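Below: one structure, written as structure tokens.
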Amino acid sequence: MKKLLFFIFAFSLTATAQDKQPYQLYSADGKKTTYKKLLTASANSEVVLFGEHHDNSVMHWLQLELTKDLAEKKSLVLGAEMIEADNQDELDKYLAGQVNQKAFDTLARLWPNYKTDYKPLVDFAKDKKFPFVATNVPRRYASMVYKGGFEALEKLTAEEKAWIAPLPIAYDASLPGYKAMLEMSGGHGGDNLPKAQAVKDATMAYFIALNLKSGSLFIHYNGTYHSDNYEGINWYLKKLKPQLKILTIAAVSQKDIDTLEKEHLKKADFILVVDEDVTKTH
């Protein structure tokens, strides 16, 4: 009997060691959790901020799977950092079938990895007739802030100002994320560097809030640094709508996904840890 129990125990250890998986989900306090719990919590929210690493194949796969499963539970509005607000008309024409993919590629400023990583999400919205919102500030305006501060935006025309969050842009330089950005840059860009990040965060939050629909869930795809630690987009959304139920997902890569590294604790409601060897899309 003892030999049999030992054999079962040894076999169990071997099976566990051989059971490789590319990702593991954790709760904010670092406890392992499940996709089922993520799905349930997301469905009970009004906004999901899905943080990603832009080149990570597993993260993009999970974004699409979560979106598909949420669509089985409720109506959705989709939105993304990867399409800028002044391309909303072109995006709407594609969603409505008024232009094909080739024309959309020509008319809109799409990211190099759009075809592999974001087109499946846009096409899902098109198929389901869900709205898809281009939430990000046009990059040329972020560049203006980097060079001349928020004041530079005052020079824009009324039409151009419609593509950014209303002025003046609220800004808290003491937020850890903006402070860390300044420290990591070694001071290059000065105070305008985090301000250029802030105008993106503020604009994405503004267009999310503007496109909320009663009874629907807004799921937003963004670089994880735009919503980590409940800052960035989340901070601006809470200023606009303090009672809004927001769920955040942070993305990290680790060599060992079996334990969440301490530096990632409390980054979000759910932390998606992906094996660092996962294939990059670009």
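Brief remarks follow.
- Inter-probe distance in nm under a simple model that places probes 7 Å from Cα toward Cβ, at Lys126 and Lys31: 4.3 nm
- Per-residue Karplus couplings for segment 74-89, computed as 6.51 cos²θ - 1.76 cosθ + 1.60 with θ equal to phi - 60°, are listed in order as 7, 5, 10, 10, 9, x, 8, 4, 6, 10, 8, 4, 6, 9, 4, 4 Hz, Gly and Pro entered as x.
- Where labels lie 7 Å past Cα in the beta-carbon direction, separation of Lys255 and Ala162 in nm: 5.3 nm
- Linear extension gain, Asp275 paired with Asp89, 0.36 nm per residue minus alpha-carbon span: 63.2 nm
- Close amide H partners of Leu76, meaning residues 5 or more places away or on another chain with modelled amide H under 5 Å apart, are Leu217.
- Most positive-pole-ward Cα, Thr67, Leu153, Ile169, against dipole of the chain from beta carbon charges: Thr67
- D_trans [Stokes-Einstein, Kirkwood Rh over alpha-carbon pairs] for segment 30-135, 37 °C, 0.692 mPa s, µm² s⁻¹: 224 µm²/s
- Per DSSP, loop trypsin sites (Lys or Arg not before Pro) in segment 28-69 with at most 14 further Cβ within 10 Å: Lys31
- Listed by chain and number, the lysines placed with their C-alpha closer than 16 angstrom to that of Lys119 are Lys68, Lys93, Lys102, Lys128, Lys129; residues fewer than eight positions away on the same chain are left out.
- Across the accessible surface of the chain, with the other protein chains kept in place and a 1.4 Å probe, carbon and sulfur atoms take up 56 percent.
- Pairwise Cα distances in segment 115-231 exceed 17 Å in 61 percent of cases.
- Pairwise centroid distance, computed over Cα atoms, of segment 80-157 with segment 252-282, Å: 28 Å
- Cross-link pairs exceeding 30 Å between alpha carbons, from the set Lys32/Lys200; Lys179/Lys241; Lys20/Lys241; Lys195/Lys266: Lys32/Lys200; Lys20/Lys241.
- Taking all protein chains together and rolling a 1.4 Å probe, Tyr35 ends up with roughly 60 Å² accessible.
- Sparse-neighbourhood loop sites, GluC sites (Glu not before Pro) in segment 55-113 - DSSP loop, at most 15 other Cβ within 10 angstrom: Glu72
- Once you divide the Cα radius of gyration of segment 23-275 by 2.2 N^0.38 Å, the number left is 0.98.
- Other residues within the sphere of radius under 9 Å centred on the Cβ of Pro22, judged by their own Cβ, net out at -1 (K and R +1, D and E -1).
- Using alpha-carbon coordinates, inclination of helix 57-71 to the longest axis of the chain, degrees: 80 degrees
- For the chain, the per residue solvent-accessible surface stands at 51 Å², with DNA, RNA and ligands left out and a 1.4 Å probe.
The values are calculated or read from the model by the stated rules, or taken from the named source; none is laboratory data. Predicted model only: the values in this text are computed from it and were never measured. With ideal geometry, Cβ positions are generated from the backbone for all residues, glycine too; neighbour counts draw on all protein chains shown. Side chains are part of the model used for accessible areas, which takes the heavy atoms of the whole protein and leaves out ligands, DNA and RNA. Shrake-Rupley method; radii C 1.70, N 1.55, O 1.52, S 1.80 Å.
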